[in-house]
């Protein structure tokens with residue numbers, strides 16, 4: 001987080017979540033939610049994680065149709081997630097590249 005001071009200069013940089021490889025190892029794309037939290041695609045772990053303003057992390061979706069999720073985007077009442085499918089494809093396994101729609 002980089003606050004902007006009243007005079008327009010940057011304030012002190014503050015990490016929201018730092019050094020949490022268990023929760024965010026492989027973090028790739030993210031999008032800000034209406035409530036101020038972030039939804040993060042954690043590709044190496046095939047999951048989506050919610051990060052609250054206080055740094056609390058919560059797994060939102062793990063495995064299933066996720067296959068090395070990468071980019072996230074918002075449109076209307078949905079979040080879109082791309083599956084880069086790198087790990088499974090590199091291992092010679094059946095992979096699922098594509099675009100997923102998550103309704104809120």
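The values are calculated or read from the model by the stated rules, or taken from the named source; none is laboratory data. Note that this is a predicted model, so its numbers are computed, not measured. Backbone-built Cβ (ideal geometry, glycine too); neighbour counts: all protein chains shown.
Here are some notes:
- Residue list for segment 11-32, restricted to those being within 18 Å of residue 82 (Cβ to Cβ) and either part of a loop (DSSP other than H, G, I, E, B) or touching a residue at least 60 places away in the same chain (Cβ under 8 Å) (or both): 26
- Residue that is farthest from the chain's Cα centre (by Cα), among those in segment 71-104 that are surrounded by 18 or more Cβ atoms within 10 Å (Cβ to Cβ) and part of a strand (DSSP E or B): 100
- Of the numbered criteria (1) surrounded by 11 or more Cβ atoms within 10 Å (Cβ to Cβ); (2) touching a strand residue (DSSP E or B) at 6+ places or on another chain (Cβ under 9 Å); (3) in a loop (DSSP other than H, G, I, E, B), the one residue 2 fails is (1).
- So residue 41, is it under 14 Å from residue 100 (Cα atoms), touching a helix residue (DSSP H, G or I) at 6+ places or on another chain (Cβ under 7 Å), modelled with pLDDT of 95 or more and not in a loop (DSSP other than H, G, I, E, B): no
- Test result for residue 35, surrounded by fewer than 15 Cβ atoms within 10 Å (Cβ to Cβ) and either within 15 Å of residue 97 (Cα to Cα) or out of contact with any strand residue (DSSP E or B) (no Cβ under 7 Å at 6 or more places or on another chain) (or both): yes
- Segment 48-68: number of residues that are surrounded by 12 or more Cβ atoms within 10 Å (Cβ to Cβ), within 20 Å of residue 89 (Cβ to Cβ) and without any contact (Cβ under 8 Å) to a residue 24 or more places away in the chain: 1
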